[in-house]
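Read-outs: derived from the displayed coordinates by stated rules, not from any lab. For clarity, every value in this text was computed on a predicted model and none was experimentally measured. Cβ placement follows ideal geometry from the backbone for every residue including glycine, while neighbour counts extend to all protein chains displayed.
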Amino acid sequence: MNAPQSLLPALDEIRAHEAEMVAIRRRIHENPELAYEENATADLVAECLQRWGYEVHRGLGVTGVVGTLKVGTSTRRIGLRADMDALPIKETSGKPWASKVFGKMHACGHDGHTAMLLSAARHLAATQRFDGILHVVFQPAEEGLGGARKMLEDGFLDLFPCDAMYGMHNMPGLPAGKFAAVPGPALASADTCIIKVKGKGGHGAIPQHATDQVVAASAMVMALQTIVSRNVPPLDAGIVTVGAFLAGEAPNVIPGEVELRLTVRAFRPEIRDLLQQRITEIAHAQAAVFGATADVNYIRRYPVLVNDPAHTELCREVIRDWIGPQALDLSRSPETGSEDFAFFLEKVPGCYVFIGNGEGSEGGCMVHNSGYDFNDACLSTGASYWVRLAQTCLKVGG
Ligand SMILES: [Zn+2]
Ligand SMILES: [Zn+2]
């Protein structure tokens with residue numbers, strides 16, 4: 001265990017199975033699978049759910065797994081969601097359960113998310129202390145490839161209608177076992193834009209016979225930086241980052257094509273639309289100034305993640321009731337990262353919470369870092385939160 005067990009709150013019956021669930025977490029960690037290849041992980045999840053009495057559906061979003069458990073007579077339905085995919089990073093954590101697969105690792109803690117939800121699923125099935133329909137959702141490909149969107153396209157909500165959906169992600173830097181839930185826009189939209197500036201390349205010594213795509217793209221980079229300062233209303237947020245500027249090779253050649261790659265973030269759909277519109281206009285206009293043209297490929301990836309205020313309050317209440325107000329960090333602001341769960345929350349109200357992974361050497365290493373590891377001391381705490389939330393939403397006699 002990474003920290004003394006007694007430090008973090010958890011339901012006794014969840015704690016009783018902790019060793020088994022930590023073993024599952026570490027088994028998943030040792031065998032990381034990238035987006036849409038989560039076959040062994042999905043096998044493990046499906047096998048557990050089946051054994052515990054869930055009706056199991058596989059194949060939504062290629063490798064997604066949904067377990068359904070109906071208890072009592074209520075028609076209320078909720079979905080609890082975890083993600084299963086790993087990242088293409090070579091692990092350096094040095095842990096005994098470090099990745100056995102070269103170049104792949106669970107650097108975002110999705111192994112822990114899967115184990116926390118499995119632990120809760122086991123307990124909810126064993127105790128049956130709720131009234132309604134519970135869907136536990138294990139999605140693929142959260143890391144950039146839109147596994148949630150794919151599950152929705154494959155008919156997730158037609159097969160498993162939900163009145164509300166909930167998500168949870170670990171957060172290094174937040175004390176272990178503490179929670180944060182931000183109402184409203186909590187995570188940014190994340191889009192990618194590829195701009196190809198095209199024209200007539202030529203000899204570096206004879207620029208008058210060419211159009212200079214490097215100069216045009218340079219002016220474009222500067223002009224793009226005026227969007228947030230001059231077009232986005234001052235009290236709104238937006239991010240336009242040119243992360244890649246790919247141009248030429250030789251000092252004496254004017255390249256015929258230059259490519260810019262941008263990441264674009266916003267917290268409101270209107271601002272997202274504005275950013276797309278202004279990037280497109282500026283790219284074309286700046287290219288034209290220098291006699292070049294621009295191909296603009298704006299790719300809408302993840303939408304803004306919006307936590308429904310009432311559901312956010314409900315999640316906070318669950319934590320206050322169960323652990324106490326000190327377990328909630330109310331100081332958190334929206335984060336500029338993004339999350340695939342936003343696709344579910346576009347369709348169904350709900351809330352996505354953060355659970356602290358710890359600080360310093362106890363879980364403080366940031367996600368997507370090769371030294372990161374999910375903090376097992378939080379596993380039962382997260383699982384207990386899921387259980388309490390499900391029992392609150394699907395309250396017996398409620
Ligand atoms: Zn991640
Ligand atoms: Zn993640």
Run down the aspartates and glutamates and flag those whose C-alpha is under 18 Å from the C-alpha of Lys200, throwing out any fewer than 8 positions away in its chain.
-> Asp212, Glu249, Glu257, Glu259, Asp295
Whose amide H sits under 5 Å from the amide H of Leu328, counting only residues 5 or more places off or on another chain, with H placed in the peptide plane?
-> Phe179
What length, rounded to one decimal in nm, is gained on full extension from Asp329 through to Thr127, with 0.36 nm per residue of separation minus their alpha-carbon distance?
-> 69.7 nm
Potential extension, Leu235-Val101 segment - 0.36 nm per residue separation minus Cα distance = 43.6 nm
Helix 213-224 vs. the chain, principal-axis angle (Cα, 0 to 90°, nearest 10) = 50 degrees
Segment 45-85 to segment 171-212: how many Å between their Cα centroids?
-> 36 Å
Under a point spin-label approximation (7 Å from Cα along Cα-to-Cβ), what is the Glu270-Ile194 distance to one decimal in nm?
-> 3.3 nm
Calculate for the chain the 222 nm mean residue ellipticity that helices alone would give, adding -39,500 (n - 2.57) per DSSP H run of length 4 or more and normalising by residue count, nearest 500 deg cm²/dmol.
-> -10000 deg cm²/dmol
Full-extension gain in nm, Gln208 to Ala288, via 0.36 nm per residue minus C-alpha separation | 27.2 nm
Charge context of Arg76, other residues only, Cβ under 13 angstrom, K/R +1, D/E -1 = +1
Lys, Arg +1 and Asp, Glu -1 on Cβ, resulting dipole of segment 189-302 about Cα centre, debye, nearest 20 | 220 debye
Count neighbours as other Cβ atoms within 10 Å of each site's Cβ, and list the chymotrypsin sites (Phe, Trp or Tyr not before Pro) in segment 93-144 that are DSSP loop with at most 11 such neighbours.
-> Phe102
The chain, relative contact order [Cα under 8 Å, separation at least 6], % | 26 percent
Give me the net charge of Gly167's neighbourhood, meaning all other residues with Cβ under 11 Å from the Cβ of Gly167; Lys, Arg count +1, Asp, Glu -1.
-> -3
Cα-based count: Lys pairs in segment 1-156 below 25 Å, eight or more positions apart or different chains?
-> 4
Quick calc: nm separation of the 7 Å Cα→Cβ label points for Lys70 and Ala247 -> 6.3 nm
When only C-alpha pairs under 8 Å and at least 6 residues apart count, what is the relative contact order of segment 32-106, in percent?
-> 35 percent
Over 33 Å, how big is the tail of the calculated P(r) for the chain, in percent of all Cα pairs?
-> 38 percent
